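Please read the structure below before turning to the comments.
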Protein chains: 2
Amino acid sequence: MPNSSGLRERKKRQTRAALSLATIGLCLERGWDNVTIEDIAAAANVSVRTFRNYFAGKAEAIAAGHVERTLRIADDIRAAPAGEPLWTSIVHAVQANFAPAGSADAGEEEFGRWRDGVRLLFAEPALQGELLKANASAQDELARAVADRTGTDPEHDIYPKLVAAVIGAGSTVAIEHCLHAESPTPLGPVLREVFGRLAAGLPLPTESGENSGH
Amino acid sequence: MPNSSGLRERKKRQTRAALSLATIGLCLERGWDNVTIEDIAAAANVSVRTFRNYFAGKAEAIAAGHVERTLRIADDIRAAPAGEPLWTSIVHAVQANFAPAGSADAGEEEFGRWRDGVRLLFAEPALQGELLKANASAQDELARAVADRTGTDPEHDIYPKLVAAVIGAGSTVAIEHCLHAESPTPLGPVLREVFGRLAAGLPLPTESGENSGH
DNA sequence: GCAAATTCTGCCGAAAAGGCAAAAATACCT
DNA sequence: AGGTATTTTTGCCTTTTCGGCAGAATTTGC
């Protein structure tokens, strides 16, 4: 096994990040259809063939960040204090990875890049599929984390798989809601509302005062 | 607006079905990589260009049945008796469309095609994304149906969108579970367990007697 | 340094993807 | 029926994607 901290691995991570970043940047700038893999490779100073060694296509390059982000949710759930209720851990984990502390004002550049990328993702149908695949690919890891936490079997029991799927679905709905909202909405409260409803069994919203769960 | 029952529309549906069927058949027979669009078009007696008028690619052609099936769930939810609890309607609708009455024996040919298609979709990684996209594309319609049923707003309220996403996630988990089970498992009970847990707020399964909820 | 393993790269052909306009089929009106 | 409008099918075309292959270049461990 190659040393994961050697020069080679570091360069690989750099190239990977550069390609993903270049893809997002070019697509934001020119629009999805007006960017070829050749352009991206040139912008990242590698050959077209090398791009293909890293990613299957433009979409995958853009979604790469989302995959890492989602996988980190599983880690956070595993690392949560043992006594904490499962749903609390879930909300914290999702929030920590999709709505970093500084939120909107403290211009976390990485978060800004991610936000731009996601907006693109939702615009182009070819990218929606990739986002979905990213969620799905993290689902197994998520299910294992939930199984760890609840003492269930990630292979044979339905419970952890169902919870993992619901985490993905709930996160997606919350993010999409904030992204499509006319006024910029912070993700945190929406996430709490979504998972609050889920943990309550999705009862019909009461007529009183809209459904701003709070 | 073209008459939907005219000859033209009927032929279009026929061509569409023939292409989807030919794609599934050829892919099952030769394997995903060994089928070109040219093969499919030839098998369906249309030009390659016509195939592309109907579907963006092999994957979409295979998933077409799944899309229709999912859209019909929305219709069923709309058509359910007004007094019936929402979750009851949902379980009925999903079950009706993914596990037809006669179950295995009453060979609904369309159902057979769908089943083959789904098997393919889950087997080949290149196709899993298409299943996800199929679910997502039906999500909006599902949300509108739920909104109709619950008097919520499909645009601004989170509730209908969340329920729609959960229906998709729950169905997928149930189907996947049955497909991956070593012993052939009927979908109905699994579906009821999944949505039972969801309506209960996904409480941790009790230690007693496995997790066969309900 | 040196040998082994790994990655990068150019070259290649098969396939996909989609714009365009002529041809064919269907619909609709008189 | 006949004629016209609309829609679908088709062929032709270019550009881009996709991935196998082998040699060059780089990194690693010794």
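The values are calculated or read from the model by the stated rules, or taken from the named source; none is laboratory data. Source: prediction; values computed, not measured. Backbone-built Cβ (ideal geometry, glycine too); neighbour counts: all protein chains shown. Note: areas computed on protein heavy atoms with side chains; ligands, DNA, RNA excluded. Shrake-Rupley method; radii C 1.70, N 1.55, O 1.52, S 1.80 Å.
Find the centroid of the Cα atoms in the range A:180-209 and in the range B:1-77, then give the distance between the two in whole Å. So the separation of the two Cα centres works out to 38 Å. Take each residue of peptide B:190-203, count the partner chain Cβ atoms within 10 Å of its Cβ, and average: the result is 4. Between 0 and 90 degrees, the angle of helix A:7-30 with respect to the longest Cα principal axis of chain A falls at about 80 degrees.
A cut-off under 9 angstrom between Cβ atoms defines the neighbours of A:P154, and their net charge, with Lys, Arg +1 and Asp, Glu -1, is -3. Using only Cα atoms, find the angle between the long axis of helix B:86-98 and the longest principal axis of chain B, and express it within 0 to 90 degrees, rounded to the nearest 10. Roughly 30 degrees between the two axes. Rg over Rh for the range A:1-55 works out to 1.06, using Cα positions for both radii and the Kirkwood form for Rh.
Can you give the Kirkwood hydrodynamic radius for the range A:58-199, in Å, rounded to one decimal and based on Cα pairs? That comes to 15.5 Å for the range A:58-199. State the percentage of accessible surface on the range A:58-199 attributable to carbon and sulfur atoms; use a 1.4 Å probe and exclude ligands, DNA and RNA. Carbon with sulfur: 52 percent of the solvent-accessible area.
Most tightly packed first, judged by the mean number of other beta-carbon atoms within 10 Å of their residues, the peptides B:145-154, B:39-48 read B:145-154, B:39-48. Inter-chain neighbour count for B:127-137: the average number of beta-carbon atoms from partner chains within 10 Å of each residue's beta-carbon is 5.
Each Cα pair under 8 Å and six or more residues apart adds its separation to the average, and for the range A:1-55 the resulting relative contact order is 28 percent. In this structure, the residue pairs whose Cα-Cα separation is over 31 Å, taken from A:K161/B:K11; A:K12/A:K133; A:K12/B:K58; A:K11/A:K133; A:K12/B:K161, are A:K161/B:K11; A:K12/B:K58; A:K12/B:K161. Buried surface between chains B and A: roughly 3100 Å² of accessible area, summed over both sides, computed with a 1.4 Å probe on protein heavy atoms only.
Under a Cβ-only charge scheme (Lys and Arg +1, Asp and Glu -1), can you give me the dipole magnitude of the protein assembly as shown about the Cα centre, in debye to the nearest 20? Could you put the intermediate results ahead of the total?
Numbers: 44 positive and 56 negative charges, 234 e Å.
My answer is approximately 1120 debye.
Once you have all Cα-Cα distances for the protein assembly as shown, histogram them in 20 Å bins from zero and send the whole-percent values. Each 20 Å bin holds this share of Cα pairs: 23, 57, 20, 0. For B:C178, the solvent-accessible surface computed with a 1.4 Å probe is close to 20 Å², ligands and nucleic acids excluded. Would you be so kind as to identify which of B:N135, B:T88, B:A56 lies farthest towards the positive end of the dipole of chain B, taking Lys and Arg as +1 and Asp and Glu as -1 on Cβ and the Cα centre as origin? Looking along the dipole axis, the top candidate is B:A56. Using only the alpha-carbon atoms, how far is helix A:158-180 inclined from the longest principal axis of chain A? Give it as 0 to 90 degrees, nearest 10. That works out to roughly 70 degrees.
All other residues whose Cβ lies under 11 angstrom from that of A:A63 are scored, Lys and Arg at +1 and Asp and Glu at -1, for a net of 0.
Net charge of the neighbourhood of B:E38, taken over other residues with C-beta under 12 Å away and scored Lys/Arg +1, Asp/Glu -1, is +2.
Averaged over its residues, chain A has an accessible area of 51 Å² per residue, based on protein heavy atoms and a 1.4 Å probe. Packing, as the average of other Cβ atoms within 10 Å across residues, places the peptides B:5-17, A:10-22, B:160-172 in the order B:160-172, A:10-22, B:5-17, highest first. Each residue was assigned an accessible area with a 1.4 Å probe, and for B:H92 the value is about 100 Å².
Peptide B:160-172 shows a mean partner chain C-beta count of 6 within 10 Å per residue C-beta.
Charged side chains reduced to their Cβ positions (Lys and Arg at +1, Asp and Glu at -1) give chain A a dipole of some 840 debye around its Cα centre. Can you give the relative contact order of the range A:58-199 as a percent, counting alpha carbon pairs under 8 Å and 6+ residues apart? For the range A:58-199, the relative contact order is 30 percent.
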